[in-house]
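One structure is given here, and the rest of the page talks about it.
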Ligand SMILES: Cc1cc2nc3c(=O)[nH]c(=O)nc-3n(C[C@H](O)[C@H](O)[C@H](O)COP(=O)(O)OP(=O)(O)OC[C@H]3O[C@@H](n4cnc5c(N)ncnc54)[C@H](O)[C@@H]3O)c2cc1C
């Protein structure tokens, strides 16, 4: 990865070199901005390194989160063109987009009843979902256990490979003129009055910038220097996953298989991601025996062949979650030059194309959708 310690001014500083920060940096550079990405580790070392990469607005849909659903559907529609452009702009790097669809599977009567409620809800929202009896589901995915009770076929939910995506974004950004400084932590955002001046790095040096995009994932609300009125609550939600490989090659599963408490995502090359726990444990990223046990126990009930797979890796990461689960995008009302691109929780890979478009436009002065503005979390007492 490129290391740069000389650039000390930029039009735009992006804090955080994950899927979101790099997508925004790439789009901003395409609009002619001099962009500096500052990443305290390696590019993509945060949640983006752990993510399964499902592009799943339909299975993730929640009736209480309609703005998020619309953003997810919009971003899912953007994904094929985003992947093709990224591949071309990176000199041919593949981002592992697979338009494979998903099956949501119930293992007992209670789960089947819950699936029927999910089906009704999605039909009300005009989303494409098909009810499948066990025999029909097993014709599509013969590796499913004969004991399954019901399945939903969700043909529009797909998957990309987040690590490949980050690598392609790093290359495309570099080619577009973005400078990435890795191993450099932003210690403080510097404001003069209610205006951004730049950022102070851990080594003490100062980078002047007219605009600062905060894309630091679950750590975004922790960076000192902003007035309290400009910030909001962001909490880390821990997720553990396993990366598995079938020594017999691809073919165990074609589609994503989702179930109560987890999912199995096929990469198409005989590799699978089994995820993910949802845990409120602060910034802890230890992988635990209990977390892995639960994932394997639940998955093996539905896809017994999972127990034959080789464990290649176990990992944990933290999702950046806002109080309403939707991201915070666009310019701050309180600090001129401060722009948010954070809070993507379970859907940062899905939402990267739409986020990059919205945030790059916000850098050019366009208003981001009000549903995603930081002001929705305004702390009255801070303003007072
Ligand atoms: C187990 C798991 C499974 C997931 N599965 C999916 C999925 O299937 N589909 C999907 O769409 N999403 C998924 N997600 C969510 C997705 O990973 C996140 O929403 C997305 O990665 C957020 O990207 P980001 O760039 O905002 O954050 P990150 O990838 O966390 O990047 C933030 C970066 O900021 C850097 N940083 C932090 N503070 C500073 C600082 N002060 N100075 C410099 N750099 C700093 C960090 O080092 C990090 O690299 C999953 C997440 C987890 C944990």
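Remarks
- For residue 210, the stated conditions hold: it is touching a residue at least 60 places away in the same chain (Cβ under 8 Å) and surrounded by fewer than 22 Cβ atoms within 10 Å (Cβ to Cβ).
- Within region 200-213, tally of residues that are under 24 Å from residue 364 (Cα atoms) and within 9 Å of the ligand (Cβ to nearest atom): 0
- Here residue 277 meets each of (1) surrounded by 20 or more Cβ atoms within 10 Å (Cβ to Cβ); (2) away from the ligand (no atom under 11 Å from the Cβ) with one exception, condition (2).
- Considering residues of region 220-235 that are touching a strand residue (DSSP E or B) at 6+ places or on another chain (Cβ under 8 Å) and near the ligand (Cβ under 9 Å from one of its atoms) only, the residue farthest from residue 276 (Cα to Cα): 223
- Some residue of region 244-255 being in a loop (DSSP other than H, G, I, E, B) and closer than 19 Å to residue 43 by Cα: no
- The strands (runs of 3 or more DSSP E) found wholly in region 298-365 and carrying at least 2 residues that are more than 27 Å from residue 12 (Cα to Cα) occupy 310-321.
- Strands (runs of 3 or more DSSP E) fully within region 82-170 counting 1 or more residues that are under 21 Å from the mean Cα position of the chain (by Cα) and surrounded by 14 or more Cβ atoms within 10 Å (Cβ to Cβ): 102-106, 150-154
Quick note: the coordinates plus some simple rules give every number you see, no bench work behind them. Owing to the predicted nature of the structure, the values given are computational and were not obtained by experimental measurement. Because the Cβ atoms are built from the backbone with ideal geometry, glycine has one as well, and the counts that use them run over all protein chains shown.
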